[in-house]
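Take a look at the structure below.
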Amino acid sequence: MTEIVLVGAAGRMGRAITEALAGASDLALKASVERGEAIPPGAGRTWSNDLGAAVAGGDVVVEFSTPGVAVAAARLCAERGAALVSGTTGLDADAERAIRDAAARVAVVRAANFSLGVLALRRALEAALAALPPSWDIEIVERHHRGKQDAPSGTALMLGRQAVERRGYAAAALRTGRTGRGLRPREEVAIHSLRGGTWIGDHAVVIAGAGEWLELRHVAEDRAAFANGVLAAARFVAGASPGLYTLEHVAGAAAGAAASG
Ligand code: NAD
C-alpha cells in the first residue's frame, strides 16, 4: 500500500484527487495538508497544516498548491526520502531548478498537465508539424476559470515550446497576446489566454495555411481527467529510482505493464 500525502488538499485539484483516491485500493490517503484557515470545518485527524510533520521516508507527496509550496515540498521530499508528484504551474526558473535538484535524490513526476488527452494532443501536434510546411502559422488559444492564478497556462507554454523547438525557432519566438500595428513575424508562436467563468482547461493549437487551417484541441470537462493521471503517476514514482520523470514515462510504464500482463 502506497501512502499519499496530499498538499493543497482543499483546493480544486486537491478535492478531485481526494475523490479519485477514495476509489483506489492500492493507494491510501495518509495526510491532507492545507493552510490552517483552508482546512474544512469538522475535518478529521488526517488533516494538517504542518507539511514537515506529515511526510516520512517512503511516502508519495502529491502537490497541487502554489509555486512556493511546490519548492518547499520538493526540498522536504529530498531530505526525507519521499517521492513527489508535482502539478503546480507558473513556477519560475529558480523553482524549476529546486525541483530538478530534488529529483537527483528522489523520484519526481512533474507535469503541467496530467491528462492523457493532452499527452495525445502533444503527439498529434508533433505529427501535424512534421506533415505541414513551415509557412503554416501556429497560434495557441487557452481558456481557464476565473480563479486561475497564472497566465499563460503551463500547458499552453508546454505546447508552445514544443512547437518552437520543432520548428527550430529562437526561444523568444514564443510570445503572449498581440497588439498594435505590423505584420505577424513568420517565426512566431503566440499564446492567447482567456480567463472567466468555470472553464476547467481548454487548449487549442491552431495551424493556419493559405486557404486552409486545422485546430488540435483538448477540453478538460472534469478534474477527474487530471486526477486519474495523478494516481498513475503516484503508482509510478512509488517504485521508481531517483530522477525527473514526465507523464510520457508514466504512460509508457503503464502501457508496458498492460502489454506484459
Ligand atoms: P486552488 O487554488 O483551488 O488550490 C490550491 C490549494 O493550495 C488551496 O486550497 C490553498 O489553500 C492550498 N495552499 C496554499 N498554500 C498552502 C500551504 N502553505 N500548504 C498547504 N496548502 C496550501 O488551485 P487548483 O485549481 O487546485 O490548482 C493548483 C495548482 O495546480 C495551480 O498551479 C494549477 O495551475 C495547477 N494545475 C495543474 C494541473 C496539472 O495537470 N498539472 C491541473 C490543474 C491545475
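Things worth noting here:
- Dipole moment magnitude, nearest 20 debye, the chain about Cα centre, only Lys, Arg, Asp, Glu C-beta charged: 320 debye
- Using Cβ point charges alone (K and R +1, D and E -1), the dipole size of the stretch 116-220 about the Cα centre works out to roughly 260 debye.
- Ordering of 239-247, 180-188, 6-14, 67-75 by burial proxy (mean other Cβ atoms within 10 Å per residue, highest first): 6-14, 67-75, 239-247, 180-188
- Dimensionless Rg ratio for the chain, taking C-alpha atoms and the 2.2 N^0.38 Å reference: 1.06
- Computed magnitude of the charge dipole of the stretch 1-95 (debye, nearest 20; Cβ of K, R +1, Cβ of D, E -1): 180 debye
- Unit charges at the beta carbon, dipole of the stretch 112-168: most positive-side option, Ala124, Thr155, Trp136: Thr155
- Inter-centroid distance (Cα atoms) of the stretch 121-154 relative to the stretch 64-106, Å: 26 Å
- Rg in Å to one decimal, and Dmax rounded to a whole Å, for the stretch 116-220 via C-alpha atoms: 13.5, 39
- The orientation-averaged shadow of the Cα convex hull for the stretch 1-139, equal to a quarter of the hull surface, comes to 10.6 nm².
- Degrees separating the helix 154-167 axis from the principal Cα axis of the chain, which is the longest one: 40 degrees
- Rel. contact order, % - alpha carbon contacts under 8 angstrom, at least six apart, the stretch 116-220: 39 percent
- Scoring 53-64, 160-171, 208-219 by mean Cβ neighbours within 10 Å over their residues and listing the highest first yields 53-64, 160-171, 208-219.
- Whole-number percent relative contact order across the chain, with pairs defined as alpha carbons under 8 Å at least 6 apart: 21 percent
- For the chain, with +1 on Lys and Arg beta carbons and -1 on Asp and Glu, the positive-most of Ala111, Ala56, Cys77 along the dipole: Ala111
- The antiparallel fraction among DSSP beta bridges confined to the stretch 102-261 stands at about 55%.
- Using a simple spin-label model with pseudo-atoms 7 Å out from Cα toward Cβ, Glu187 and Leu132 lie 1.9 nm apart.
Computed from the coordinates by the stated procedures, all read-outs in this text should not be read as laboratory data. Every value quoted in this text rests on a predicted model; they were computed, and no experiment measured them. Cβ sites come from the backbone with ideal geometry, for glycine too, and all protein chains shown count toward neighbours.
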